[in-house]
Amino acid sequence: MSESTTQNAATENTEEPAQAPVETPAETDWKSEARKWEQRAKENSNAAQRLAEIEEANKSEAQKAADREAAATQRAVEAEARAARRDVALEHGLSKDDAALLDNLTDEEAMKALAVRLASASERGKTNRVPGEGANPKSKEDPMQEFTRRLFKNPA
């Protein structure tokens, strides 16, 4: 009996179920898909805006005051950081372009280190100038030069 059940099990495994023919999807119309998702995004945007309005209306006066306080605190922190950047820039005599590089820094020590580096770089640029560059120094008197001067000297 065990042999017959084993044979039945083996024959069941060898039989493959009939497979449905695989359908290939038609070409996707990407423009229509894009329009569909754009429309959904607009609907969701309107819904999100409406939800924000409802949440704002449902806030208590204490929550509104806390939000105003948080916004004011954020503005104060930004103003202090801006003032610190300007102070560091003025202290080290940075140009407007160099001072703009300090805008992304929040740590005052990092601002000072960068300002020192920028100031030293700008000073190095100033010392490379040669004061008399391009000017001909007066040389010793050349007899030909003297002759030419006398020849073309203006009698008047």
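Computed values, structure above
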| quantity | calculated |
| --- | --- |
| Residue list for segment 49-76, filter: part of a helix (DSSP H, G or I) and among the hydroxyl-bearing types (Ser, Thr, Tyr) | Thr73 |
| Any hit, segment 90-100, residues being touching a helix residue (DSSP H, G or I) at 6+ places or on another chain (Cβ under 8 Å) and among the aliphatic types (A, V, I, L, M) | yes |
| Where Ala100 falls short, out of the listed (1) loosely packed, with under 13 Cβ neighbours inside 10 Å; (2) at pLDDT 85 or above | (2) |
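The values are calculated or read from the model by the stated rules, or taken from the named source; none is laboratory data. Just so it is clear, the model here is predicted, and its values are computed rather than measured. Quick reminder, even Gly has a Cβ in these numbers, built from the backbone with ideal geometry, and neighbours come from all protein chains shown.
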